[in-house]
Amino acid sequence: MAPAAYDTISAFFRDTGTGPADYDRILTGDLGKIGREILLDAFEKDGIDLNDIYDDCGCLIFNAEGQDTHAGGSGCGCGASVLCGHLLNGMLAGQWHRILFCATGALMSPLAIQQGESIPSICHLLEIKFPL
């Protein structure tokens, strides 16, 4: 799913003429620890450092070491929980005014998996603005 997130975020930056500096936070949901690292590496190859503003909802909602989740959280519940709780409340409190929320997912098909096909993935991006 990290390649889908990379493609979507990169295309959004190109299409809108924006970049990481235009946002207070950029979040994906849910790549987990490994997917998060893959996404950061892909942007780093483009000379874009997201380390200060990017995180993944699965990594935020779980403590990988303390809860033994290995690569972190995954699943639609992590993104929804972080967006509807932490992010929107932070925006209402004035902590952030402009965020990118990038929901990721895998388009699983039991037939494709049985045939050894790759699993297509998708990323939906929402730009959420809250007035200053």
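Here, each number is a calculation from the coordinates, and none is a lab measurement. Every value quoted in this text rests on a predicted model; they were computed, and no experiment measured them. Note that we place each Cβ from the backbone using ideal geometry, even for glycine, and neighbour counts take in every protein chain shown.
In this structure, Leu92 and Gln67 have a Cβ-Cβ separation that, at R0 = 25 Å, corresponds to a calculated FRET efficiency of about 0.35.
Going by average Cβ density within 10 Å per residue, which order do the peptides 16-28, 47-59 take, highest to lowest?
47-59, 16-28
Dipole magnitude for the chain: computed about the Cα centre from +1 point charges on Lys and Arg Cβ and -1 point charges on Asp and Glu Cβ, it is near 340 debye. Per residue, the average separation of C-alpha pairs within less than 8 Å and at least 6 apart gives the stretch 2-129 a relative contact order of 30 percent.
Counted residue by residue at 0.36 nm each, then reduced by the alpha carbon distance between them, the extension gain from Leu111 to Asp49 reaches 18.5 nm.
Near the amide H of Trp96, within less than 5 Å, lie the amide hydrogens of Met91, all on another chain or at least 5 residues away, with H placed in the peptide plane. Looking at the chain alone, DSSP beta bridges between its own residues are antiparallel in about 55 percent of cases.
The distance linking the stretch 1-25 with the stretch 78-124 is 14 Å (Cα centroid to Cα centroid, whole angstrom).
In order along the stretch 10-27, the Karplus-derived 3J(HN,Hα) couplings, from 6.51 cos²θ - 1.76 cosθ + 1.60 at θ = phi - 60°, round to 4, 5, 4, 4, 5, 5, 9, x, 10, x, x, 5, 7, 10, 7, 8, 10, 10 Hz, and Gly and Pro are given as x. Here the Debye sum runs over all C-alpha atoms of the stretch 19-132 as equal scatterers in vacuum, and log10 of I(q)/I(0) at q = 0.09, 0.16, 0.22 Å⁻¹ comes out as -0.27, -0.79, -1.27. In this structure the amide hydrogen of Tyr54, modeled in the peptide plane, comes within under 5 Å of the amide hydrogens of Ile26, none closer than 5 places in sequence on its chain. Each residue of the stretch 38-48 is assigned a 3J(HN,Hα), and the resulting list reads 4, 5, 4, 5, 4, 6, 4, 5, 8, x, 10 Hz, derived from the Karplus form 6.51 cos²θ - 1.76 cosθ + 1.60 (θ = phi - 60°), x at Gly and Pro. For the stretch 51-61, 3J(HN,Hα) computed residue by residue from phi via the Karplus equation (6.51, -1.76, 1.60; θ = phi - 60°) reads 3, 7, 10, 9, 7, 10, 4, x, 6, 6, 7 Hz, glycine and proline entered as x. Label positions at Cys84 and Thr18, each projected 7 Å from the Cα along the C-beta direction, are separated by 2.4 nm. When the Cα positions of Leu88, Tyr23, Ile122 are compared along the charge dipole of the stretch 2-129, Leu88 comes out farthest toward the positive end, with charges on each C-beta of Lys, Arg, Asp and Glu.
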